[in-house]
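Please treat every number below as a calculation from the coordinates, not as lab data. Predicted model, so just to flag it, every value in this text is computed and none were measured. As a convention, Cβ positions derive from the backbone with ideal geometry for all residues, glycine included, and neighbour counts pool all protein chains shown.
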Amino acid sequence: MHILDIFARQQTTCSFEFFPPKSRAAADHLYETLQRLEPLRPAFVSVTYGAGGSSRELTHELVVRIRQSTDLDAIPHLTCIAHNAGEIEEILLRYAAAGVNNILALGGDCPANMAGHDRGQDAFRYATDLVRFIARFNASGRHHDSRGFGIGVAGYPEGHPATPNRLRELDYLKAKVDAGANYICTQLFFDNRDFYDFRERCELAGINVPIIAGVMPVTSHSGMVRMAELALGARIPAALMRDVLRFGNNAEDVERVGIEWATEQCRDLLAHSVRGIHFYTLNRSHATQLIYKNLAGQLPEAAPKPLRAV
């Protein structure tokens, strides 16, 4: 389903993010996770993407398999790193042929195995350039939907470290929306005040597309440290850090603390009319399932999806 139709049918969306498995065992585990989470009826799921041929193929294979074997709408990530225009066009054609309806367009970070890569050789230096390219592809009429792909982009409630000037950062984000982005999905955060401030600043900047809040529950002390690294320096509130450190040697208690914190985040976001909540699952189902259970009766009912054509 096109993302515009998803937002038209659901006032508040819930969605999950996964990454492509790199082994048979990891693939089996992921599909068990998908089976557990599918009954929660997310509006969509997204699949991450890294530079390098093998990772790209894994993303495509997972997206197509989700589409063919589940009732979930899968949105693949697509990054600018180490791509030329012909490669991006080929990827878009393959997704269009597979019936994929939406893309999350990202600038991306250069992976460790591509250290020293010259970004000057890439066809798209910034996510805005990639959004424009997808919009031109959409206008060419080569997608089964006359609107083409729905396009999502990333937002950073705590600020993007590459853009210390927060006013300029909003200019860049608005440029992505003006280029054709239909919605914004934020980086994870732990203090909702950061999200509300970001949302208000977007409104002041004339950014009027839906903004989905990214949430990731802490499940271990090491995981908390890793989150801060992966999320470009996410700020861990002292209250959350204190509780994690207090139970640092007890994995079950740390997970409980993280789930309770994420649950309260979600309750508060729902009370403040968030347009959507996007759970970063790390390919696990347990924490997300418990958060859903804690929010019983508060999450909006997902609209039934239309029957597939056969």
### Message
Under a crude label model (7 Å from the Cα following the beta-carbon direction), how far is GLU200 from ALA123 in nanometres?
### Response
4.2
### Query
Counting alpha carbon pairs within less than 8 Å and at least 6 residues apart, what relative contact order, in whole percent, applies to segment 3-294?
19
### Message
Using Stokes-Einstein with the Kirkwood hydrodynamic radius over Cα pairs, what translational diffusion coefficient do you get for segment 152-310 at 37 °C and a viscosity of 0.692 mPa s, in µm²/s rounded to a whole number?
### Response
195
### Query
Quick one: length gained pulling ALA296 to PHE247 fully straight, 0.36 nm per residue minus the C-alpha distance?
15.0 nm
### Query
Which of TYR31, TYR183 comes first, and how do the rest follow, when ranked by fewest Cβ neighbours within 10 Å?
TYR31, TYR183
### Query
Taking other Cβ within 10 Å of each residue's Cβ, how do ASP243, ASP197 sort, fewest first?
ASP197, ASP243
#### Entry: 222 nm mean residue ellipticity, helices alone, for the chain (DSSP H n ≥ 4; -39,500 (n - 2.57); rounded to 500)
-14000 deg cm²/dmol
### Message
If I model a spin label as a point 7 Å beyond the Cα along the Cα-Cβ vector, how far apart are those points for ALA239 and ASN208 in nm?
### Response
3.5
### Query
Anyone know which of ASN192, ASN249, ASN294 comes out most mobile in the 10 Å Cα GNM of the chain?
ASN249
### Message
Run the Debye formula on the Cα coordinates of segment 129-201, all scatterers equal and no solvent, and tell me log10 I(q)/I(0) at q = 0.13, 0.24 1/Å.
### Response
-0.45, -1.05
### Query
Given C-alpha coordinates of the chain, what is the ratio Rg to Rh with the Kirkwood estimate of Rh?
0.94
### Task
May I ask you to derive the FRET efficiency for ARG65 and GLN10 from their Cβ-Cβ distance with R0 = 25 Å, giving the value to the nearest 0.05?
0.55
### Message
Neighbour counts of other C-beta atoms within 10 Å: give me MET216, MET227 arranged from fewest to most.
### Response
MET227, MET216
